[in-house]
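Q: Pasting a structure here, questions to come.
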Amino acid sequence: MAIAANPLGFFHLPPPLIYCLHKVRNWNSIASAVQFSAGPTCVIKENSQVAINYTKGDDELKVPEWKMFNSKDLGLRTASITKPARLVLNELRKKGYTVYLVGGCVRDLILKKTPKDFDIITSAELKEVLKTFPRCEIVGKRFPICHVHIGDIIVEVSSFSTTARKQGRNFSRIKSPYDCDEHDYLRWRNCLRRDFTINGLMFDPYEQIVYDYMGGLEDIRKAKVRTVIPANMSFVEDCARILRAFRIAARLRFSFTKDLARSVRHLSSSILRLDKGRILMEMNYMLAFGSAEASLRLLWRFGFLELLLPVQASYFVSQGFKRRDERTNMLLALFSTLDTIVTPDQPCHNSLWVGLLAFHQALVVKPRDPVVIAAFSLSVHSGGSLAEAVNIARRISLPHDPSFNEVLEPGNLHTNCSLLNEIIDLQASVEDALSKMAEESFVSQAMSKHPQAPFSDLVFISFALLMRVRKIFDCVSRGKRGIVSKRGSRTDYDSLAPGSLNTIRRMFARIVFDTVYPPKLNLQDG
């Protein structure tokens with residue numbers, strides 16, 4: 001009997017929401033809130049390291065007027081703050097300390113997006129935070145902060161006194177705001193140390209005030225990513241900000257300012273100096289939190305895919321992809337499907353997206369029959385039930401997406417034996433692709449196809465991670481007996497983030513199947 005529906009019963013989720021600025025309600029209210037209260041202009045000398053809004057030829061550099069906003073006018077509601085963050089805020093507040101939400105969480109709340117996490121800054125010393133919470137530790141030597149454990153959630157808490165002692169930028173020539181009290185000065189000084197203006201917002205949920213010292217709200221309105229200090233200086237100070245800029249722009253669908261875009265291109269090779277673990281962390285933020293497709297497109301547009309994922313960059317070249325190409329391909333489609341499953345507060349383990357990269361590369365090297373791909377994903381889903389996977393795959397009547405070069409037209413796999421051999425061969429190809437991801441010589445060979453790009457033999461995916469990914473697929477060659485589940489279930493995000501093997505296998509299979517047999521295509525044909 002032909003199967004006219006998804007054999008795994010996967011939930012076909014809607015495509016990822018494109019959070020555009022027009023989705024934010026009450027922008028007229030926000031515009032009026034800008035006039036709520038304006039502070040004085042802060043002047044910075046041209047040679048200062050903290051120059052803001054730099055214009056060549058100016059004798060002085062000016063920071064934006066600092067302003068206060070009524071949080072209700074911005075649409076911020078304390079109900080949007082998670083319980084762990086509220087608990088930390090309340091406990092510190094009870095002890096008489098001032099507390100603020102700071103950074104990206106404030107930006108996301110204004111945009112009606114779910115924050116990845118909530119960061120808090122307080123007037124309390126870190127040792128006082130340590131005394132307040134039973135499960136708390138101070139982490140970081142250069143820039144120490146507190147990790148407060150509330151259940152399985154970690155809330156990061158920094159102290160004004162600690163951030164004031166941070167080394168780096170020279171504040172000696174900065175003229176502080178006029179007629180401001182001690183609290184205004186501490187907030188202003190802290191915001192000057194941040195990376196991007198849209199991350200320089202502070203929210204007092206008790207007084208219901210948002211403080212904007214860097215013009216962050218205006219940049220949110222313009223959908224722009226802008227550095228607090230000139231971009232070339234900011235990226236020299238910390239080249240990891242380049243990758244954070246990609247991550248933020250991709251997630252918010254914001255564009256770079258001209259200054260930032262120019263500096264990103266000019267300083268691109270500086271990211272190769274970063275610790276490999278840091279690069280893996282930043283790539284995971286891009287690919288595991290719901291904005292993978294947009295991140296890949298942005299990295300390709302600015303020439304960073306050649307540096308970070310040169311094998312995938314070579315694939316883009318082979319597809320005739322231009323830097324601003326709006327078309328799609330199978331690699332982008334796989335990660336677009338992943339984006340429908342994960343979110344900033346419900347991410348996946350990095351083994352899932354590494355597995356998708358290896359699987360796709362195996363298909364690039366040797367395209368496959370859609371029935372082979374379906375049977376392979378079904379076998380992974382079940383943990384190795386090859387016989388059942390073959391039987392189900394042969395009964396699939398769904399149309400596959402014919403636009404992918406990696407997927408052949410259905411061939412002459414007349415016998416189960418021939419299909420089984422193809423499945424085992426695909427599994428071997430995936431493992432081979434995984435092995436090559438750890439070979440510097442293979443990566444540098446891929447880079448040779450891009451002579452205009454800086455040389456790189458960067459391998460940031462650790463051997464331990466590759467071994468973990470290998471376990472996703474080794475069940476196929478073992479051919480373990482089992483039953484393929486025909487009914488899907490809700491995604492278990494509690495096990496997806498830490499990388500439960502069974503959950504990762506099910507999610508991998510779901511992504512592959514929904515990419516090769518897209519629900520929209522099935523509905524159109526029906």
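Q: Kindly rank 142-150, 307-315, 65-73, 192-200 from highest to lowest mean number of other beta carbons found within 10 Å of each residue.
A: In descending order of packing, they fall as 192-200, 307-315, 65-73, 142-150.
Q: Only Lys, Arg, Asp and Glu count, each charged at its Cβ (+1, +1, -1, -1), so figure out the dipole size of region 67-222 about its Cα centre, rounded to 20 debye.
A: 320
Q: Return the aspartates and glutamates within reach of residue 366: Cα separation strictly under 15 angstrom, same-chain partners fewer than 8 residues apart disregarded; answer none if there are no such residues.
A: Hits, sequence-local ones excluded: 406, 409, 422, 425, 431, 432.
Q: Among 339-346, 213-220, how do they line up by average Cβ neighbours within 10 Å per residue, starting with the highest?
A: 213-220, 339-346
Q: Here's a follow-up. Under 5 Å between amide hydrogens, which residues at least 5 positions from residue 201 or on another chain qualify, with H placed 1.01 Å from N in the peptide plane?
A: So residue 201 has HN proximity to 103.
Q: Rank 392, 319, 304 by how far each Cα sits towards the positive end of the charge dipole of region 261-414 (+1 on Lys, Arg Cβ; -1 on Asp, Glu Cβ) and give me just the farthest.
A: Positive-end residue among those listed: 304.
Q: Taking a point 7 angstrom from the Cα of residue 494 along the C-beta vector, which residues in region 85-122 have backbone N less than 13 Å away?
A: None, by backbone N distance to the label point.
Q: How many angstrom separate the Cα center of region 342-374 from the Cα center of region 386-418?
A: Comparing the Cα centres of region 342-374 and region 386-418, I get a distance of 17 Å.
Q: Continuing with this model, one more query. Taking square-rooted eigenvalues a ≥ b ≥ c of the alpha carbon gyration tensor, is region 67-222 rounded, prolate or oblate, where a/c under 1.5 means rounded and, failing that, a/b exceeding b/c means prolate?
A: oblate
Q: A follow-up question, please. Please enumerate, by chain and number, the aspartates and glutamates with C-alpha under 20 Å from the C-alpha of residue 67, excluding those fewer than 8 residues away in the same chain.
A: 108, 179, 181, 182, 184, 195, 204, 207, 212, 218, 219
Q: Same structure again: Could you list which residues have their amide H under 5 Å from that of residue 209, counting only those 5 or more apart in sequence or on another chain, with H placed in the peptide plane?
A: 71, 204
Q: Residue by residue, what Karplus-based ³J(HN,Hα) values in Hz, rounded to whole numbers, does region 105-111 have, using 6.51, -1.76 and 1.60 with θ = phi - 60° and x for Gly and Pro?
A: Result, ordered by residue: 5, 5, 4, 5, 5, 5, 7 Hz.
Q: Quick one: with all protein chains in place, what share of the accessible area of region 67-222 is carbon or sulfur, to the nearest percent (1.4 Å probe)?
A: 47
The values are calculated or read from the model by the stated rules, or taken from the named source; none is laboratory data. None of the values given here were measured: they were computed from a predicted structure. Here Cβ is always computed from backbone atoms with ideal geometry, including for glycine, and neighbour counts include all displayed protein chains. What goes into the accessible areas is simple: the full protein's heavy atoms, side chains included, and nothing from ligands, DNA or RNA. Shrake-Rupley method; radii C 1.70, N 1.55, O 1.52, S 1.80 Å.
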